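Working notes, structure below.
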Amino acid sequence: MYEIGDMVAHPKHGAGIIDRIEEKNMYGCTRTYCYIKDLDGGMISYFPIECAEQIGVRPIIDSDQADELMAAIPKINAEMTANWNKRHRENLELLTSGNLLEVARVVKGLMIRNNEKELSTGERKMLQNAKQIFISEIVLSTKLTSEEVESRINASLA
């Protein structure tokens, strides 16, 4: 199913490249795990292969889909509720969905909100995380740099 070198997206950690696959015994249960290295080669996350679908791990989008998504950002409806608690829960649900369009919705909504009113610490962290998840997959899909992708996002919101 998965092989070393495959590019995958993890809903909580963003996109990366499968660095290694190995069996590991955790809590008395031996499973096969995929280890994902992020773009910078620093952070490594892992998941049991048998739980990939349940977790939401998937192959990254292709370059055409990435271009379409980047072009769609200005048209994405990013309205958010005024209630902080409800907004936080809704955004968290969108982020963990694994759907890159929903992640883009969170990025756009929080960036617009930040331009109107300074975000709370929690929402600043959420925006940073959402951008990392979004940008990491676009970078792997298109071979653009992180800076180029972030610049395109900023330009599409101007």
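Cβ-Cβ distances below 6 Å connect the following pairs, each with a first residue in region 133-148 that is aliphatic (A, V, I, L, M), a second residue that is crowded, with 19+ Cβ neighbours inside 10 Å, and a separation of six or more residues or different chains: ILE133/GLY14; ILE133/VAL103; ILE135/VAL149; ILE138/ALA66; ILE138/VAL149; VAL139/VAL149; LEU140/ALA15; LEU140/ILE60. Among residues of region 23-52 that are of a type in the set (Asp, Glu), those with a beta-carbon under 8 Å from a residue that is assigned to a loop (DSSP other than H, G, I, E, B) at least six positions away or on a different chain give the pairs ASP38/HIS13. The set of residues in region 51-93 being within 23 Å of ILE36 (Cβ to Cβ) and assigned to a loop (DSSP other than H, G, I, E, B) consists of GLY56, VAL57, ILE60, ILE61, ASP62. In region 5-59, the qualifying residues are those that are acidic (Asp, Glu) and within 18 Å of LYS131 (Cα to Cα), and the one that is least open to solvent (accessible area, probe 1.4 Å) is ASP38. Does region 78-95 hold any residues that are closer than 26 Å to SER146 by Cβ and open to solvent by 60 Å² or more (accessible area, probe 1.4 Å), and which are they? Correct list: LEU92, GLU93.
The values are calculated or read from the model by the stated rules, or taken from the named source; none is laboratory data. The model shown is predicted, which means the values in this text are computed figures rather than measured ones. Note: ideal-geometry Cβ built from the backbone for every residue, glycine included; neighbour counts use all protein chains shown. The accessibility values were calculated without ligands, DNA or RNA, using every heavy atom of the protein model including side chains. Shrake-Rupley method; radii C 1.70, N 1.55, O 1.52, S 1.80 Å.
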